[in-house]
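Visitor: Dropping a structure here in structure tokens format, bear with me for questions.
The values are calculated or read from the model by the stated rules, or taken from the named source; none is laboratory data. In this text the structure is predicted, and so the values were computed from the model without any measurement. Glycine gets a Cβ as well: all are built from the backbone with ideal geometry, and neighbour counts include every protein chain shown. Heavy atoms of the whole protein, side chains included, go into the accessibility calculation; ligands, DNA and RNA do not. Shrake-Rupley method; radii C 1.70, N 1.55, O 1.52, S 1.80 Å.
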Amino acid sequence: MKEELRQHEKRLVIHDLPAGAMPAVKDENIIEICDDGSIKSCIGCFGCWLKTPGKCILKDKYNEMGRLLAGSGEIILISRCCFGGPGPFVKNVLDRSIPYILPYFVIKNGEMHHRQRYRKTLALRVVFYGEDLTEQEKETAREWVDAMADNLYCEVKQVTFCGNQEEAGGLV
């Protein structure tokens with residue numbers, strides 16, 4: 001799964017695996033974001049666009065998600081597949097990442113999307129896990145990944161499905 005990134009670019013690994021489930025990350029170019037129970041939910045106030053542009057107004061360690069995305073070259077999402085999308089924690093982190101884009105709209109691929117705040121394209125890899133995922137769930141998950149990639153100006157590099165957390169955690 002690893003590809004060469006420019007030396008200054010980070011890999012942002014966002015996952016909902018339990019503590020210790022993912023092999024220890026010792027690479028200084030990898031930033032790991034996992035659920036420690038402290039994330040607040042986006043309140044839809046648009047303060048990250050109007051009051052503190054590029055930064056969420058909620059005071060927790062996730063208020064700099066826009067900056068973290070801007071400093072990354074690749075996003076790796078590892079999540080339980082929930083009805084064809086990510087689990088609650090990963091979805092919440094992505095919701096808190098809205099400062100990465102601007103409130104203004106553009107037409108992209110015939111659809112309305114937010115304008116880019118940062119002129120870059122991120123690589124995106126997604127690993128979904130879950131037992132007995134149906135083909136319909138997997139197709140819905142792939143469609144979700146494509147839509148999310150359009151919204152965050154990402155290039156989808158890979159979407160993988162695993163049966164369990166251990167297998168998913170070993171793919172980074």
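Visitor: Which lysines, if any, have their Cα less than 21 Å from the Cα of Lys51, not counting same-chain residues under 8 positions apart?
Guide: Lys40, Lys59, Lys61
Visitor: Output the 0 to 90 degree angle, nearest 10, between the alpha-carbon long axis of helix 135-152 and the longest principal axis computed from the alpha carbons of the chain.
Guide: 30
Visitor: Moving to a separate point now. So what does Leu69 come to for accessible area, using a 1.4 Å probe and Å² rounded to 10?
Guide: 0
Visitor: Tell me which residues come under 5 Å, amide H to amide H, from Ile78 once H is placed; ignore anything under 5 positions away on its chain.
Guide: For Ile78, whose amide H was placed from the backbone, the distant partners under 5 Å are Ile14, His15, Asp16, Val127.
Visitor: Moving to a separate point now. Of all accessible surface on the range 1-160 at a 1.4 Å probe, what whole percent is carbon and sulfur?
Guide: 51
Visitor: Next question, about the same structure. Averaged per residue, what accessible surface does the chain expose to a 1.4 Å probe, in Å²?
Guide: Solvent-accessible surface per residue comes out at 54 Å².
Visitor: Could you give each residue of the range 97-109 its phi-based ³J(HN,Hα) in whole Hz, using Karplus coefficients 6.51, -1.76, 1.60 with θ = phi - 60°, and x for Gly or Pro?
Guide: Here the 3J(HN,Hα) series is 8, 4, x, 5, 10, 9, x, 7, 10, 9, 8, 9, 6 Hz.
Visitor: Would you list Trp144, Trp49 from the most to the least accessible area, probe 1.4 Å?
Guide: Trp144, Trp49
Visitor: Short version: ³J(HN,Hα) in whole Hz for each residue of the range 11-18, in order, from phi by Karplus 6.51 cos²θ - 1.76 cosθ + 1.60 (θ = phi - 60°), x for Gly and Pro, what are they?
Guide: 9, 9, 9, 10, 9, 10, 6, x
Visitor: Rg and Dmax of the chain, Cα atoms, in Å?
Guide: 15.6, 45
Visitor: For every other residue with a beta carbon closer than 15 angstrom to the beta carbon of Lys40, add +1 if it is Lys or Arg and -1 if Asp or Glu, then tell me the sum.
Guide: 0
Visitor: Sorting Thr134, Thr160, Thr121 by accessible area (1.4 Å probe), largest first, what list results?
Guide: Thr121, Thr134, Thr160
Visitor: Among Arg80, Arg117, Arg11, which one moves the most in a GNM of the chain with springs linking Cα atoms closer than 10 Å?
Guide: Arg117
Visitor: What figure in square angstrom, to the nearest 10, would you give for the accessible area of Val159 with a 1.4 Å probe?
Guide: 50
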